[in-house]
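Heads up: the structure comes next, in structure tokens.
The values are calculated or read from the model by the stated rules, or taken from the named source; none is laboratory data. Note that the structure is predicted; figures quoted are calculated from it, not measured. Note that each Cβ is placed from the backbone with ideal geometry, even for glycine, and that neighbours are counted across all protein chains shown.
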């Protein structure tokens, strides 16, 4: 055979290159089985062409057929590796298929709660350093006594007191002499709804010994009174908060133009414009949003609460105007726009009241006390959501704009939803169309059998409105508090103010589903989806929440765990001693705000 016949044609260079490139790209990331298979086919085709172009007499030509096996081998190897990595990542939790929103929310909140407990300071030195880092100030005088007391009563929370700092921050913009002037004016013009409390030389001012509100504070501070600095403040005796600070308080305080003390009465009238005035002032971004669905977790369009603090930010939720009785027509609403340091038991985010632990949680009346023997085991409870109570929360009087608006108040909306009383009610549920793939669908069937909700009285309404409410909802007999414990799920929501049942329900073997727009002292220590199930004011997610937690095996296990965790944590962090730790720290911080030399505590 001639020398020319033995030569390999230059075309082989092209096919060899194609084979090499296609083979090498089989395992490129991100791996895709279809794309990788196409690369294998291209490599095999190029190799076939190479063999056909190679003379049959060429040495090693038969070995080229062995190379045909290389691309398929790469495909099999890469596919196995990628599948193994996926299985491993799912097992260790780094990559999971899409979960039901409730599952994802529980895992996220549980991790945050665990991290919070882990980072609590163990020593005074660590607590002091943490304080400086958070607030850019030195701790207040008496901080060492406070820390010792917290350790003595085994308080689980040492560092999470941002709410105290947030509440007192506006008063740093007002001269202490001005604040003291307002306190004295309130004391001199007592209308019976505000109560004065004072500590002098480590002792209570006995002038107020018969004052019920003052006695609450005494009970909290009894063990540490000798360490409490001279202090004087006002306690709110009404359910509703009292202080709405103007958005320009910093400028007014700096110029000494905070105005004369004045209270305004908006009882039984719409209050939205007043309560949100400091949202709109100077803001081009109002409203910010209309739903609380934003977050890192895909909720498939349902407003599952992802950030409880953001959910209570009134400025971010203009839709709340027609969804809560406090904004529609409160029973009483007696407020001031001056920086008066008034202690209240709860308040929405736009108010300037200073929050303190309500003694009502610890001194329940009559049938409010928890009876362990009346609370059956989880397995013996009904798969229902229970609530029974009065229509408090708004005042329906036909001589005001509140006429016929009781239908929009929060309690009435809940009972309407639970009983399917509105023909327009359409519930949204989620269905798993494929593993890890959830799709919303709507139904007029809300799973009525999962709810046991009723009104047992209709106060705070004119006769005409009371008759209309009773005709719409029907009136049921009063039920003992222990009746709630027969259900696995118990609903708890605002009335005129906070719900005094909350701690008692948390201590039961049932899950508390909590709906509120009000901030309280315990907000930083109670974690949604860990200790209770949060419910948005809109309640659009409630039907799916109940379906998942009550009717699915995994959801039921999750619900039981929340009930157990909430019960245990209530006994560890919501004791009277814990309220005392909070109150002691609040008083130390508050006393410093009234100190003429307070600015020397700031850090650069």
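Yes or no: segment 465-480 includes at least one residue that is crowded, with 23+ Cβ neighbours inside 10 Å, modelled with pLDDT under 95, in a loop (DSSP other than H, G, I, E, B) and in contact with a strand residue (DSSP E or B) (Cβ under 9 Å, 6 or more places away or on another chain). Lay out the reasoning, then the answer.
The first filter runs over segment 465-480 and keeps only residues crowded, with 23+ Cβ neighbours inside 10 Å, leaving none.
Looking through segment 465-480, none of the residues is crowded, with 23+ Cβ neighbours inside 10 Å, modelled with pLDDT under 95, in a loop (DSSP other than H, G, I, E, B) and in contact with a strand residue (DSSP E or B) (Cβ under 9 Å, 6 or more places away or on another chain).
Being assigned to a strand (DSSP E or B) and surrounded by 20 or more Cβ atoms within 10 Å (Cβ to Cβ) is the filter here, so list the residues in segment 304-337 that pass it.
Of segment 304-337, the ones assigned to a strand (DSSP E or B) are 334-336.
Within segment 304-337, just 335 meets the criteria.
Can you tell me which residue in segment 195-212 is modelled with the highest pLDDT, limited to those that are on the phi < 0 side of the Ramachandran plot and assigned to a loop (DSSP other than H, G, I, E, B)? Working first, answer last.
Filtering segment 195-212 down to residues on the phi < 0 side of the Ramachandran plot leaves 195-200, 203-212.
The next check asks that each one be assigned to a loop (DSSP other than H, G, I, E, B); those that pass are 205, 209-211.
Working: 205: 81, 209: 53, 210: 57, 211: 70.
By that ranking, first place goes to 205.
Quick one: what pairs do we get from segment 122-148, first residue in contact (Cβ under 8 Å) with a residue 12 or more places away in the chain and at positive phi, second assigned to a helix (DSSP H, G or I) and buried (at least 16 other Cβ atoms within 10 Å of the Cβ), C-beta under 6 Å, 6+ apart or different chains?
Correct list of pairs: 142/227; 142/588.
Please find, among 192, 259, the residue that is exposed (fewer than 14 other Cβ atoms within 10 Å of the Cβ), in contact with a helix residue (DSSP H, G or I) (Cβ under 9 Å, 6 or more places away or on another chain) and not in a helix (DSSP H, G or I).
Numbers: 192 fails: in contact with a helix residue (DSSP H, G or I) (Cβ under 9 Å, 6 or more places away or on another chain).
Answer to the selection: 259.
Can you work out which of the residues in segment 551-565 that are surrounded by 14 or more Cβ atoms within 10 Å (Cβ to Cβ) and more than 21 Å from the chain's Cα centre (by Cα) is nearest to residue 506 (Cα to Cα)?
556
Confirm whether residue 437 is surrounded by fewer than 20 Cβ atoms within 10 Å (Cβ to Cβ) and under 26 Å from residue 331 (Cα atoms). If you could, list the steps in order and put the result at the bottom.
Working: surrounded by fewer than 20 Cβ atoms within 10 Å (Cβ to Cβ): yes; under 26 Å from residue 331 (Cα atoms): no.
So residue 437 does not fit the description; no.
Take the conditions within 17 Å of the chain's Cα centre (by Cα) and surrounded by fewer than 22 Cβ atoms within 10 Å (Cβ to Cβ) and apply them to residue 536. Does it pass? Break it down stepwise before answering.
Numbers: within 17 Å of the chain's Cα centre (by Cα): yes; surrounded by fewer than 22 Cβ atoms within 10 Å (Cβ to Cβ): yes.
Here the answer is yes, as residue 536 does meet what is asked.
Would you pick out the residues in segment 481-503 that are within 22 Å of residue 557 (Cα to Cα) and either assigned to a helix (DSSP H, G or I) or not assigned by TED's automatic domain parsing to the domain that holds residue 541 (or both)?
Here is the first cut: in segment 481-503, the residues within 22 Å of residue 557 (Cα to Cα) are 484-492.
Within segment 481-503, 484, 485, 486 meet the criteria.
Please go through segment 89-111 and give me each residue that is surrounded by 13 or more Cβ atoms within 10 Å (Cβ to Cβ) and either under 30 Å from residue 147 (Cβ atoms) or at pLDDT below 95 (or both), ordered by number.
Matches in segment 89-111: 96, 98, 99, 109, 110.
Hey, any hits in segment 140-160 for a residue that's part of a helix (DSSP H, G or I) and under 26 Å from residue 338 (Cα atoms)?
Step one: list which residues in segment 140-160 are part of a helix (DSSP H, G or I), which gives 143-152.
So of that shortlist, the ones also under 26 Å from residue 338 (Cα atoms) come out as none.
Looking through segment 140-160, none of the residues is part of a helix (DSSP H, G or I) and under 26 Å from residue 338 (Cα atoms).
Select from segment 566-601 the residues that are outside any helix (DSSP H, G or I) and out of contact with any strand residue (DSSP E or B) (no Cβ under 8 Å at 6 or more places or on another chain) and write down the one among them that is nearest to residue 113 (Cα to Cα).
Filtering segment 566-601 for residues outside any helix (DSSP H, G or I) gives 574-575, 594-597.
From what's left, out of contact with any strand residue (DSSP E or B) (no Cβ under 8 Å at 6 or more places or on another chain): 574-575, 595-597.
Working: 574: 16, 575: 19, 595: 36, 596: 38, 597: 37 Å.
Residue satisfying both the conditions and the ranking: 574.
Quick check: is even one residue across segment 389-399 part of a loop (DSSP other than H, G, I, E, B), surrounded by fewer than 17 Cβ atoms within 10 Å (Cβ to Cβ) and at pLDDT below 95? Talk me through it step by step, then tell me what you get.
Filtering segment 389-399 for residues part of a loop (DSSP other than H, G, I, E, B) gives 391-395, 397-399.
Imposing the further condition that a residue be surrounded by fewer than 17 Cβ atoms within 10 Å (Cβ to Cβ) reduces the set to 398-399.
Those still in the list that are at pLDDT below 95 too: 398-399.
Taking every residue of segment 389-399 in turn, at least one turns out to be part of a loop (DSSP other than H, G, I, E, B), surrounded by fewer than 17 Cβ atoms within 10 Å (Cβ to Cβ) and at pLDDT below 95.
Do we find a residue being closer than 29 Å to residue 301 by Cβ, part of a helix (DSSP H, G or I) and in the same structural domain as residue 540 (by TED's automatic domain parsing) anywhere in segment 434-449? Talk me through it step by step, then tell me what you get.
From segment 434-449, those closer than 29 Å to residue 301 by Cβ are 434-449; that's our starting set.
Narrowing the set further to residues that are part of a helix (DSSP H, G or I) leaves 448-449.
So of that shortlist, the ones also in the same structural domain as residue 540 (by TED's automatic domain parsing) come out as 448-449.
For segment 434-449, residues closer than 29 Å to residue 301 by Cβ, part of a helix (DSSP H, G or I) and in the same structural domain as residue 540 (by TED's automatic domain parsing): present.
For residue 232, state whether it is in a loop (DSSP other than H, G, I, E, B), over 27 Å from the mean Cα position of the chain (by Cα) and farther than 25 Å from residue 312 by Cα. Break it down into steps so the answer makes sense when it comes.
Working: in a loop (DSSP other than H, G, I, E, B): no; over 27 Å from the mean Cα position of the chain (by Cα): yes; farther than 25 Å from residue 312 by Cα: yes.
No.
For the structure I just gave you, tell me whether residue 171 is touching a helix residue (DSSP H, G or I) at 6+ places or on another chain (Cβ under 9 Å), surrounded by 14 or more Cβ atoms within 10 Å (Cβ to Cβ) and assigned to a strand (DSSP E or B). Walk me through it before giving the result.
Values: touching a helix residue (DSSP H, G or I) at 6+ places or on another chain (Cβ under 9 Å): yes; surrounded by 14 or more Cβ atoms within 10 Å (Cβ to Cβ): yes; assigned to a strand (DSSP E or B): no.
In short, no.
Could you check residue 171 against (1) assigned by TED's automatic domain parsing to the domain that holds residue 255; (2) touching a strand residue (DSSP E or B) at 6+ places or on another chain (Cβ under 8 Å) and say which number it fails?
Every listed condition holds for residue 171 apart from (2).
In the list 287, 241, which residue meets the criterion of being outside any helix (DSSP H, G or I) and modelled with pLDDT of 90 or more?
Values: 287 fails: modelled with pLDDT of 90 or more.
Result of the check over 287, 241: 241.
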